[in-house]
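Peer 1: The following block contains the structure, expressed as structure tokens.
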Amino acid sequence: MPELAFGFDDALAKWVADRIPHVRGGTFGPCTAIGVVSGSKILAGIVYHDFQADHRTIQLSMAADNPMWARRSIIAGLLHYPFEQLNCFKLWTGTPYENQAALKVNYHIGFKREAILAHQFGPKRHGVVCRMLLPDYQRLYKA
């Protein structure tokens, strides 16, 4: 059964960055990372970065080696951090338009497409901004 792993921010952030082509070799800057693990194997990693406390927003980046991590209880646990601990109103992601698999995961979790950013990831590589607001989180994971 998958469970959450805390306290390994740097290692998990690197694990996630290495799996996201437009981040690979880079960093997220100041961040908090949560792993989804089964035994000693990492199934997925979520990195919370670009926290704007005054605006109550934070960005989420995620990667997974195995789709079996995305259970409702695991997702609820992952979303507890930004919405309950940081008191965020908006959680958002930025994903290359061509990464339809990642966008499908976002929509499955409950994110909604908010905008298309032209040439966000280079010429002719557009980005999709997805968001989850506090009322969405409460309706989907607290009810």
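Peer 1: What are the residues in the range 104-141 that are modelled with pLDDT of 95 or more, touching a His at 6+ places or on another chain (Cβ under 9 Å) and on the phi > 0 side of the Ramachandran plot, if any?
Peer 2: Scanning the range 104-141 gives a single hit, His119.
Peer 1: What number of residues in the range 22-40 are surrounded by fewer than 16 Cβ atoms within 10 Å (Cβ to Cβ) and touching a residue at least 24 places away in the same chain (Cβ under 8 Å)?
Peer 2: Let us first name the residues in the range 22-40 that are surrounded by fewer than 16 Cβ atoms within 10 Å (Cβ to Cβ), namely 24-27, 29-30, 38-40.
Next cut, touching a residue at least 24 places away in the same chain (Cβ under 8 Å) only: 38.
Result for the range 22-40: 1.
Peer 1: For the range 103-143: of the residues being among the small types (Gly, Ala, Ser) and in contact (Cβ under 8 Å) with a residue 12 or more places away in the chain, which is surrounded by the fewest Cβ atoms within 10 Å (Cβ to Cβ)? Spell out how you get there, then give the answer.
Peer 2: Filtering the range 103-143 for residues among the small types (Gly, Ala, Ser) gives 110, 115, 118, 122, 127, 143.
From what's left, in contact (Cβ under 8 Å) with a residue 12 or more places away in the chain: 110, 115, 127.
Numbers: Gly110: 17, Ala115: 13, Gly127: 19.
The qualifying residue surrounded by the fewest Cβ atoms within 10 Å (Cβ to Cβ) is Ala115.
Peer 1: Got at least one residue in the range 41-48 being β-branched (Val, Ile, Thr), surrounded by 13 or more Cβ atoms within 10 Å (Cβ to Cβ) and in contact with a Cys (Cβ under 7 Å, 6 or more places away or on another chain)? Show your work before the answer.
Peer 2: Within the range 41-48, the first condition is being β-branched (Val, Ile, Thr), and the residues that meet it are 42, 46-47.
From what is left, the residues that are surrounded by 13 or more Cβ atoms within 10 Å (Cβ to Cβ) are 42, 46-47.
In the following step, the residues that additionally are in contact with a Cys (Cβ under 7 Å, 6 or more places away or on another chain) were identified as 47.
Within the range 41-48, one or more residues are β-branched (Val, Ile, Thr), surrounded by 13 or more Cβ atoms within 10 Å (Cβ to Cβ) and in contact with a Cys (Cβ under 7 Å, 6 or more places away or on another chain).
Peer 1: Would you check if Glu84 is surrounded by 12 or more Cβ atoms within 10 Å (Cβ to Cβ), closer than 20 Å to Leu4 by Cβ and among the charged types (D, E, K, R)? Can you show your working first?
Peer 2: On the way: surrounded by 12 or more Cβ atoms within 10 Å (Cβ to Cβ): yes; closer than 20 Å to Leu4 by Cβ: yes; among the charged types (D, E, K, R): yes.
For Glu84, the condition - surrounded by 12 or more Cβ atoms within 10 Å (Cβ to Cβ), closer than 20 Å to Leu4 by Cβ and among the charged types (D, E, K, R) - is met.
Peer 1: Would you be able to say whether some residue in the range 57-76 is of a type in the set (S, T, N, Q), surrounded by fewer than 19 Cβ atoms within 10 Å (Cβ to Cβ) and within 14 Å of the chain's Cα centre (by Cα)?
Peer 2: Filtering the range 57-76 down to residues of a type in the set (S, T, N, Q) leaves 57, 59, 61, 66, 73.
Filter once more, keeping what is surrounded by fewer than 19 Cβ atoms within 10 Å (Cβ to Cβ): 57, 66, 73.
Then drop every residue that is not within 14 Å of the chain's Cα centre (by Cα), which leaves 57.
The answer is yes; a qualifying residue exists.
Peer 1: Taking the residues in the range 1-34 that are within 22 Å of Ala53 (Cβ to Cβ), assigned to a loop (DSSP other than H, G, I, E, B) and hydrophobic (A, V, I, L, M, F, W, C) as candidates, determine which candidate is farthest from the chain's Cα centre (by Cα).
Peer 2: Looking at the filtered set, the residue picked out is Phe6.
The values are calculated or read from the model by the stated rules, or taken from the named source; none is laboratory data. Computed from a prediction, not measured in an experiment: that's the story for all the values here. For neighbour counting, all protein chains shown are included, and Cβ atoms are generated from backbone atoms with ideal geometry for every residue, glycine included.
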